[in-house]
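The values are calculated or read from the model by the stated rules, or taken from the named source; none is laboratory data. Only a predicted model underlies this, so the values are computations on that prediction, with no experimental measurement involved. When we count neighbours, we look across all protein chains shown, and the Cβ atoms used for this are built from the backbone with ideal geometry, even at glycine. Ligands, DNA and RNA are excluded from the accessible area calculation, which covers all protein heavy atoms including side chains. Shrake-Rupley method; radii C 1.70, N 1.55, O 1.52, S 1.80 Å.
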Amino acid sequence: MPETETLDRLLRERQAERLPSVAAAVVRKGEQVWADAVGAASYEEEREATPGTQYRIGSITKTFTATAVMQQRDAGALDLDDRLELHLPGIPNGSPTIRRMLSHLSGMQREVGEMFVDGTTPTEEDLEPALALEPHRAHHYSNLAFGLLGRVVAAKSGMPYTQYVDERIIGPLGLERTTWVAQAPKAQGYLVDEYAGTVWQEPETDLGGVAAMGQLWSTVEDLGRWATFLASGADGVLDARTSEQMWFPQVMYFPDDWVLGWGLGLMLYNHEGKIYGGHGGAMAGHLAGVYVNRKTQIGAAALTDSGTHGDMDMLAIKLAAKAHELWPEPVEPWRAEEEPPPDVRALLGIWWSEGNQFAFTWQKGKLRAKVAGTPLGRGETAFERDGDDWVAAEGRELGERLRIAGDELVWAGYPFTRTQQQTRA
């Protein structure tokens with residue numbers, strides 16, 4: 001299709017940078033709008049890659065682990081600010097919190113011992129919360145932390161971690177090609193020789209007791225469905241409000257350059273002013289990326305069977321950004337609102353607080369407030385009724401109450417008046 005030629009070209013340009021194969025897919029509001037693959041899934045079998053080819057997705061597994069933890073939080077089995085010792089036996093007092101582990105602020109060392117030095121497969125008994133930094137000092141990526149979170153899921157659910165994820169997440173979402181061990185047709189992982197351009201087969205490492213950090217295999221088609229889920233949750237799996245909490249930034253990776261942040265198990269990239277949430281993945285012979293913009297619900301997945309030079313994170317993000325250009329949000333025609341209730345009508349118009357002007361309006365059946373002069377999408381609030389008062393349900397001053405006090409309003413502890421007034425002494 002002519003409209004997708006730019007997506008095709010992005011895919012082929014990336015594969016031409018010495019990658020055996022690349023597969024990618026784009027989704028928009030739950031629908032796959034494009035998918036393609038180019039290159040060899042297996043040189044030995046002379047088999048080409050397709051969008052249905054399985055690749056190892058590595059640390060994208062962490063988003064499944066984070067989802068499982070949030071399910072347990074919603075079920076009341078844990079609190080995000082609980083220390084790890086409350087949920088696993090034998091953990092020393094003063095251990096990092098669940099929240100800090102999800103956002104890589106726990107200070108835990110990166111790996112389980114030297115598993116990638118000696119080639120051993122760790123067991124659950126090998127997982128001890130060894131620290132490289134004091135908690136919350138700085139972002140420090142930790143596979144060990146997610147291995148321990150997998151143990152928490154198993155302890156709270158009463159079933160093995162992988163079984164829990166299969167039954168509570170993968171199965172209900174219909175991710176039939178997302179599995180813990182490879183299933184044909186699958187891509188053989190390779191290491192591309194930097195100077196000769198030849199390839200070596202890479203092993204398919206079993207992560208054993210740290211499966212929660214990166215064991216899964218999947219396809220770009222399944223990951224497109226997963227991207228849609230990450231954007232808004234799904235009934236019976238994860239509430240939309242819980243999904244929204246996962247997107248709330250916990251730390252900036254580069255404090256002086258807000259390009260990449262971390263939510264609760266999600267990487268958050270700021271690309272050309274839009275936030276794309278998801279995760280990358282890397283295992284021997286494989287690189288992966290899946291990202292989605294929560295507002296537009298446009299996302300993309302990209303996979304390769306090379307362990308170097310791939311940067312599937314940015315390929316997925318660039319594909320999603322290009323898809324936004326190809327399929328922009330439709331411009332909705334303005335329609336007249338139904339008459340608001342009389343008590344709402346009395347609140348509409350201009351109010352002042354701390355010298356600033358606020359416009360209270362009625363839109364799509366909701367009372368809304370906006371700080372004058374702020375850009376679209378900022379300084380806005382939507383309210384919901386709460387008895388005789390209101391509560392900020394979306395946007396600015398979330399959770400704060402708005403009440404009527406005679407001729408004034410009181411919101412978040414500040415008076416609002418119909419005219420501009422001096423600050424009260």
Checklist entry - Which whole-number percentage describes the relative contact order of the range 88-155, with Cα contacts under 8 Å and a sequence gap of 6 or more? => result 44 percent
Checklist entry - What does the highest-first list of 169-175, 326-332 look like by mean Cβ count within 10 Å? => result 169-175, 326-332
Next on the checklist: Taking just the alpha-carbon atoms of the range 28-72, what radius of gyration and Dmax come out, in angstrom?
Outcome noted: 15.4, 45
Checklist outcome for this item: With a Förster distance of 51 angstrom and the Cβ-Cβ distance between GLU354 and ASP235, calculated FRET efficiency to the nearest 0.05 equals 0.80
Next on the checklist: If I compute solvent accessible area with a 1.4 Å probe over the protein chains, what percent of it on the range 111-264 is carbon and sulfur?
Outcome noted: 51 percent
Next on the checklist: To test your reading of the geometry: what angle, between 0 and 90 degrees and rounded to tens, separates the Cα axis of helix 312-326 from the longest principal axis of the chain?
Outcome noted: 50 degrees
Checklist entry - If you compute mean projected area of the Cα convex hull in nm² for the structure shown, which of (1) 25.3; (2) 31.0; (3) 22.5 do you land on? => result (1)
Next on the checklist: Taking R0 as 56 Å, what FRET efficiency do you get between GLU325 and ARG424 from their Cβ-Cβ distance, rounded to the nearest 0.05?
Outcome noted: 0.65
Checklist entry - When only Cα pairs under 8 Å and 6 or more residues apart are kept, what is the percent relative contact order across the range 1-46? => result 32 percent
Item to check | Cβ-derived FRET efficiency at R0 51 Å, ASP407 paired with ASP257, nearest 0.05 | outcome: 0.60
Next on the checklist: At 0.36 nm per residue, and after removing the present C-alpha to C-alpha distance, how many nm does the segment from ARG18 to HIS136 gain when stretched out fully?
Outcome noted: 38.6 nm
Checklist entry - Per residue, how much accessible area does the chain have with a 1.4 Å probe, in Å²? => result 48 Å²
Item to check | Distance in nm between pseudo-label sites at TYR414 and GLU114 (7 Å out along the Cβ direction from Cα) | outcome: 5.7 nm
Checklist entry - By how many degrees, between 0 and 90 and to the nearest 10, does the Cα long axis of helix 143-157 differ from the longest principal axis of the chain? => result 70 degrees
Checklist outcome for this item: So, relative contact order of the chain in percent, Cα under 8 Å, 6 or more apart, is 17 percent
Next on the checklist: Among 271-284, 298-311, how do they line up by average Cβ neighbours within 10 Å per residue, starting with the highest?
Outcome noted: 298-311, 271-284
Checklist entry - Spin-label point model (7 Å from Cα, Cβ direction): what's the ASP126 to ASP82 distance in nm? => result 2.7 nm
Checklist outcome for this item: Computed over the chain: longest principal axis from alpha-carbon atoms vs helix 5-15 long axis, angle to nearest 10 degrees, is 50 degrees
Checklist entry - What 222 nm value per residue comes from the helices of the chain, counting each DSSP H run with n ≥ 4 as -39,500 (n - 2.57) and dividing by all residues, nearest 500 deg cm²/dmol? => result -6500 deg cm²/dmol
Checklist outcome for this item: Between the modelled labels at TYR43 and GLN245 (7 Å from Cα along Cα→Cβ) the distance in nm is 4.9 nm
